[in-house]
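Below: one structure, written as structure tokens.
The values are calculated or read from the model by the stated rules, or taken from the named source; none is laboratory data. Because the structure is predicted, anything quoted here is derived from the model rather than measured. Using ideal geometry, Cβ is built from the backbone for each residue, glycine included, and neighbour counts are taken over all protein chains shown.
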Amino acid sequence: MKKQLLKLVALALLTIGTTQAQKALTKEDVQEQKIQSLIKKMTIQEKVGLLHANSKFYVSGVKRLGIPEWALSDGPHGVRAEINRHDWAYAGWKNDSSTCFPPGTALAASWNPKLAYERGIVLGEEARFRKKDVLLGPGVNIIRSPLCGRNFEYMSEDPVLISAMAVPYIKGLQSKDVAASVKHWLANNQEENRGTVNVNMSERALREIYLPGFKAAITEGGSYTVMGAYNKFRGDWCTENSYLDRDILRNEFGFKGVLMTDWDAAHSTVKAALAGLDLEMGTEKKDYNEWYFANPLIKAVQEGKVPMSVVDEKVANVLRIMIKTKMLGDKSRTKGSMNTPAHQKAAYNSAAEAAVLLQNNGNLLPLDFSKLKSVAVIGDNATCKHCGGGLSSEIKTLYEVTPLEAMQKKFGKSVTINYALGYEKQSSFKEGSNAGQSNTDKIDWKLIDEAVAAAKKSDVAIIFGGLNHDFDTESFDKQHMRLPYGQETLIREVTKANPNTVVVIIAGSPLELGGITNRVPSILWAWYGGMEAGNAVADVLSGKVNPSGKMPFTLPVSLQQSPAHALGNFPGRDLNVNYEEGILVGYRWFDTKKIAPQFPFGYGLSYTNFELDALSSDKAIYGKEDVIKVKFTVKNTGSRYGAEVPQLYVSDPVCSVMRPAKELKAFDKVFLQPGESKTVELNVKVSDLAFYDEAQKGWNVEAGDFILQLGNSSGNISQTLKIAVK
Ligand code: BGC
């Protein structure tokens, strides 16, 4: 009996032990305990000190509790040079030159998420080396209008492509103990009146087009911070918009990080505090104590307008991110490195894979420089350096190789390079106004004559044209979508003089190309290429690199073709802009309305050829929880190594609501030797076929047939397959 009792007691003890072991604190629990214990020790002044900047890019810490100052930096395609603490001038440091990547649209044009991860890693290492804690990027706003000044910094008109790039970028960056700041939350799709305009859009457009990039960045990428935009959304500023900031960001997405303002985007204390804003940055008031989240916040707490628990929640958000980025005494924090050859190689890879071959009549490209005696290199963009432009994303790069420099270095020994300016930059930049783009269509016949002479005496002419950051920039939009500075005339005359002419477009947003496509055999869109721009474009022209980029946005024939402009709702009226095109943004509009663009979304040629074949799915009928496993083959049928980007679109032909003619659901980038073929498998969740049902306030997949469409652009579908959802 006694023995049995002892046994029972032993068993009971064992069970208690096991339950306690099961209840062992998780890492998150320990972290939250640490946060709460720090908060308990803080005065309200110390708390509030963590919630507003103490200078342009820093936030005070609490020294006595071991909480360091927080250092933020732009982003998104390099670590910005050091700015004075209390004004916008550069500090003039000697050691803050950094690696400059090609901006967002170029990243998206590579359609290669591995490059986004690689970029994140490099940015993280460089940010840490510069002792930065937060890097202000990536920019994931939708490219809604060809005119938006910041298109070059954003990525695409398609939320699936944006998400595919943003997630690995953030993961790479944050793996180096630097917080990302996904921006600009939300609907900052134009620069004109960005600080005052109110954006209205349907709930469906919000859910299907404008939110997914942010959602992926937060729920899959785990972005530690989010930057609230300048504009209003449905009547409330984005930084004090409880629908966006509380209901969606916190409650739906489960965001536990820091919501900060864009610089000078705060408008209130109580409303913003209650809506969920954590951190006020960039307010243009000299005395930091007067900022909305400084003394006025203390007063609001004292007056009972903002509960202390709300302040504590914000402080907890800040401390949580500090712990996650190993700021609170964690010795294993990344030390970082700057300007390493590996970083520069990553910038080169990104530029090389971004180049999109738009046209190549008669296979003029690639150029065999071993057989050429002379090449005319023409255009301001052959020598223009772009890394230092664009405003907040400008980079003081360690170096920037221009196309002319690269061509001279790579081919100058055996090939005579005849350089001519061809056109002159007539624009200028002044923050906040695009007036510097006016009157920039002057044709300079003297320069054209010189270019024609250079082209005549050369085997081949290459014109480097497009735009510069007087057009593609933060703080204003483009006035039009044309090639400026009389470039069309220049291109026409040079091609007349030498039919072997290649046009290289350097730009980060859509341009009208109809005036040149019929005149010139080859067009290569090379973007702003970052510090390695010249090397990358020279290697693509010579065929060392086979172009594999695809347009991340539609190139319309004219501005009027594109949805926001066709409907006359850009940039809005009386400070209101209504996104009347709804979900029909980019190719969704063109394909649904059967409008032929100049070049479609997802388009890009190669020096080799590919065939997509044998599209199949694992089943014919799917349940709503299923995953559709799609298979097909990609074959390189040409004679060069290269990469194809098979794109899987889906349409829902019979539905109770309008559905776009096609929507991108998945893609891959496949590298193949000549003659090689690979089987590719793509997965699409049936739930991803849903539309946002405004009546039911939720996602809805209606049973019926869906058409899977496989192609190498939205305009070239080569295989289709019908599946059913029951
Ligand atoms: C831009 C942000 C940028 C911030 C700090 C703002 O004007 O909109 O993207 O991160 O300035 O430079």
Matching residues in the range 195-222 - criterion: being part of a loop (DSSP other than H, G, I, E, B) and either free of Cβ contacts under 8 Å to residues at least 60 places away in the same chain or crowded, with 24+ Cβ neighbours inside 10 Å (or both): Leu211, Gly221, Gly222
Of the criteria (1) within 16 Å of the ligand (Cβ to nearest atom); (2) buried (at least 21 other Cβ atoms within 10 Å of the Cβ); (3) under 24 Å from Ala342 (Cβ atoms); (4) not small (Gly, Ala, Ser), which one Pro102 fails: (1)
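Out of curiosity, is Ile417 buried (at least 21 other Cβ atoms within 10 Å of the Cβ) and away from the ligand (no atom under 16 Å from the Cβ)? Reasoning before the result, please.
Values: buried (at least 21 other Cβ atoms within 10 Å of the Cβ): no; away from the ligand (no atom under 16 Å from the Cβ): yes.
Spelling it out, it is not the case that Ile417 is buried (at least 21 other Cβ atoms within 10 Å of the Cβ) and away from the ligand (no atom under 16 Å from the Cβ).
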Of all residues in the range 371-412 being more than 28 Å from the chain's Cα centre (by Cα) and part of a strand (DSSP E or B), the one that is farthest from Glu153 (Cα to Cα): Ser374
Lone unmet requirement of (1) surrounded by 24 or more Cβ atoms within 10 Å (Cβ to Cβ); (2) of a type in the set (A, V, I, L, M, F, W, C); (3) within 15 Å of the ligand (Cβ to nearest atom) for Trp111: (3)
In the range 355-368, the residues that are surrounded by 20 or more Cβ atoms within 10 Å (Cβ to Cβ) and assigned to a loop (DSSP other than H, G, I, E, B): Ala355, Leu365, Pro366, Leu367
Leading residue by the ranking (nearest to Thr633 (Cα to Cα)) among those in the range 659-675 that are outside any strand (DSSP E or B) and touching a residue at least 60 places away in the same chain (Cβ under 8 Å): Lys669
When residues of the range 676-696 are limited to those that are of a type in the set (D, E, K, R) and assigned to a strand (DSSP E or B), the one nearest to the chain's Cα centre (by Cα): Lys685
Condition broken by Gln561, with the remaining ones in (1) within 29 Å of Asp693 (Cβ to Cβ); (2) buried (at least 17 other Cβ atoms within 10 Å of the Cβ); (3) not charged (D, E, K, R) satisfied: (1)
Residues being touching a residue at least 60 places away in the same chain (Cβ under 8 Å), within 14 Å of the ligand (Cβ to nearest atom) and hydroxyl-bearing (Ser, Thr, Tyr) - total across the range 153-190: 1
Long-range neighbours under 6 Å by Cβ, at least six apart or interchain, first residue under 19 Å from Ala266 (Cα atoms) and in contact (Cβ under 8 Å) with a residue 40 or more places away in the chain within the range 51-79, second part of a strand (DSSP E or B) and acidic (Asp, Glu): His52/Glu280
Count of the range 183-200 residues which are aliphatic (A, V, I, L, M) and within 16 Å of the chain's Cα centre (by Cα): 2
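Against the condition farther than 25 Å from Asp287 by Cβ and at pLDDT below 95, how does Leu38 come out, does it pass? Break it down stepwise before answering.
Numbers: farther than 25 Å from Asp287 by Cβ: yes; at pLDDT below 95: no.
Criteria not met by Leu38.
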Qualifying residue in the range 497-508 (condition: under 21 Å from Leu107 (Cα atoms), of a type in the set (Ser, Thr, Tyr) and in contact with a helix residue (DSSP H, G or I) (Cβ under 9 Å, 6 or more places away or on another chain)): no
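Quick check, is Asn193 within 15 Å of the ligand (Cβ to nearest atom) and either within 16 Å of Leu259 (Cα to Cα) or outside the structural domain of Lys271 (by TED's automatic domain parsing) (or both)? Steps first, please.
Working: within 15 Å of the ligand (Cβ to nearest atom): yes; either within 16 Å of Leu259 (Cα to Cα) or outside the structural domain of Lys271 (by TED's automatic domain parsing) (or both): no.
Here the answer is no, as Asn193 does not meet what is asked.
Taking Tyr641, is it over 29 Å from Ala566 (Cα atoms) and among the hydroxyl-bearing types (Ser, Thr, Tyr)?
Details: over 29 Å from Ala566 (Cα atoms): yes; among the hydroxyl-bearing types (Ser, Thr, Tyr): yes.
Yes: the conditions hold for Tyr641.
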Test for Ala229: is it touching a residue at least 24 places away in the same chain (Cβ under 8 Å), closer than 25 Å to Glu192 by Cα and in contact with a Cys (Cβ under 6 Å, 6 or more places away or on another chain): yes
Scan of the range 81-112 for residues that are assigned to a loop (DSSP other than H, G, I, E, B), of a type in the set (Gly, Ala, Ser) and touching a residue at least 60 places away in the same chain (Cβ under 8 Å), ordered by number: Ala81, Ser97
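Only one residue in Gly549, Gly568, Gly582 is surrounded by fewer than 24 Cβ atoms within 10 Å (Cβ to Cβ), in a loop (DSSP other than H, G, I, E, B) and touching a helix residue (DSSP H, G or I) at 6+ places or on another chain (Cβ under 9 Å). Which one? Show your work before the answer.
Details: Gly549 fails: surrounded by fewer than 24 Cβ atoms within 10 Å (Cβ to Cβ); Gly568 fails: touching a helix residue (DSSP H, G or I) at 6+ places or on another chain (Cβ under 9 Å).
The conditions single out Gly582.
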Cβ-Cβ under 6 Å pairs, at least 6 apart or on other chains, the range 273-285 side under 15 Å from Leu297 (Cα atoms), far side away from the ligand (no atom under 16 Å from the Cβ) and of a type in the set (A, V, I, L, M, F, W, C): Ala273/Val306; Ala273/Val310; Leu279/Leu51; Glu280/Phe293
For Glu32: the one exception among (1) modelled with pLDDT of 95 or more; (2) assigned by TED's automatic domain parsing to the domain that holds Ala266; (3) under 27 Å from Arg128 (Cβ atoms): (2)
Subset of the range 559-608 (residues that are at positive phi and of a type in the set (Lys, Arg)): Lys594
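Based on this model, can you work out whether Tyr607 counts as buried (at least 19 other Cβ atoms within 10 Å of the Cβ) and within 22 Å of Glu702 (Cβ to Cβ)? Show your work before the answer.
Values: buried (at least 19 other Cβ atoms within 10 Å of the Cβ): yes; within 22 Å of Glu702 (Cβ to Cβ): no.
Here the answer is no, as Tyr607 does not meet what is asked.
Could you list all residues from the range 638-658 that are surrounded by 14 or more Cβ atoms within 10 Å (Cβ to Cβ) and part of a loop (DSSP other than H, G, I, E, B)?
Here is the first cut: in the range 638-658, the residues surrounded by 14 or more Cβ atoms within 10 Å (Cβ to Cβ) are 638, 640-652, 655, 657.
Across the range 638-658, the qualifying residues are Gly638, Arg640, Tyr641, Val645, Pro646, Asp652, Cys655, Val657.
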Residues within the range 233-266 that are assigned to a strand (DSSP E or B) and within 15 Å of the ligand (Cβ to nearest atom), tallied: 5
Failed item in (1) surrounded by fewer than 21 Cβ atoms within 10 Å (Cβ to Cβ); (2) among the hydrophobic types (A, V, I, L, M, F, W, C); (3) within 13 Å of the ligand (Cβ to nearest atom), with Val140 passing the rest: (1)
Residue match in the range 124-137 (condition: in the same structural domain as Asn241 (by TED's automatic domain parsing), within 14 Å of the chain's Cα centre (by Cα) and more than 14 Å from the ligand (Cβ to nearest atom)): no
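From the set of residues in the range 54-80 that are among the polar types (S, T, N, Q) and not in a strand (DSSP E or B), which is farthest from Leu391 (Cα to Cα)? If you could, list the steps in order and put the result at the bottom.
Start the filter on the range 54-80 by keeping residues that are among the polar types (S, T, N, Q), which leaves 54-55, 60, 73.
Then keep just the ones that are not in a strand (DSSP E or B); that gives 54-55, 60.
Values: Asn54: 22, Ser55: 19, Ser60: 26 Å.
The qualifying residue farthest from Leu391 (Cα to Cα) is Ser60.
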Options Asn546, Asn576, Asn518, Asn609: the member that is in contact (Cβ under 8 Å) with a residue 24 or more places away in the chain and either acidic (Asp, Glu) or more than 21 Å from Phe667 (Cβ to Cβ) (or both): Asn576
